[in-house]
Amino acid sequence: MSNTHPNSAQSWLMLLLAGGFEVGYALSVGGSHGFTRLTWSLVAVVFFLLTLYALSVALRTIDVGIGYAVWAGIGAVGAALLGPVFFDETLTPARAVCLGVIVAGLVWLKLADRPQNPQEPVDGPQGVQGAVARS
């Protein structure tokens with residue numbers, strides 16, 4: 001993966017990774033009990049740094065509004081789904097439906113990031129010579 005100019009697929013993968021780190025951060029903050037437990041607090045700091053790094057790399061090519069919404073949505077949904085696994089939290093059917101709406105919105109945001117009019121390939125109908133003549 002290029003550190004200077006990630007392509008769209010790499011950026012979206014990095015955004016998903018940032019979202020996963022955000023889930024880890026949210027859960028470890030919950031486990032830290034207000035940063036009063038050292039181990040959980042240190043884990044939270046590590047996840048915080050990882051999520052910020054991965055998000056910053058993803059936002060090199062993804063619009064900030066879209067990227068931030070997806071990152072926050074992944075973090076919110078992930079924490080809500082895993083909260084009952086790690087902590088004494090409940091996931092009601094109504095909450096599950098609302099989380100499904102968030103996931104649907106995230107998928108639509110990803111689909112909205114696709115170019116509307118993809119450019120003709122360089123070796124399209126006119127061939128390479130046509131591409132050279134156009135430049």
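Nothing in this text is a laboratory measurement; each read-out follows from the coordinates by a stated rule. Computed from a predicted model, the values in this text were never measured in an experiment. FYI the Cβ positions are ideal-geometry reconstructions off the backbone, even for glycines, and counts take in every protein chain you see.
Tabulated data for the structure shown
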item: Fewest-first ranking of ILE66, ILE74, using other Cβ atoms within 10 Å as the exposure measure; result: ILE66, ILE74
item: 15 Å beta-carbon shell around VAL46, net charge (K/R +1, D/E -1); result: 0
item: Neighbour-count order for VAL46, VAL77, VAL64, VAL70, fewest beta carbons within 10 angstrom listed first; result: VAL64, VAL46, VAL77, VAL70
item: Theoretical FRET efficiency, 1/(1+(r/R0)^6), r = Cβ-Cβ of ARG60 and PHE35, R0 35 Å, to 0.05; result: 0.65
item: The range 8-114 - Kirkwood radius from inverse mean 1/r over Cα pairs (Å); result: 14.3
item: Extension gain (nm, one decimal) between LEU111 and VAL97, 0.36 nm per residue minus Cα-Cα; result: 2.9 nm
item: Order of SER41, SER28 - criterion: other Cβ atoms within 10 Å of each residue's Cβ, fewest first; result: SER41, SER28
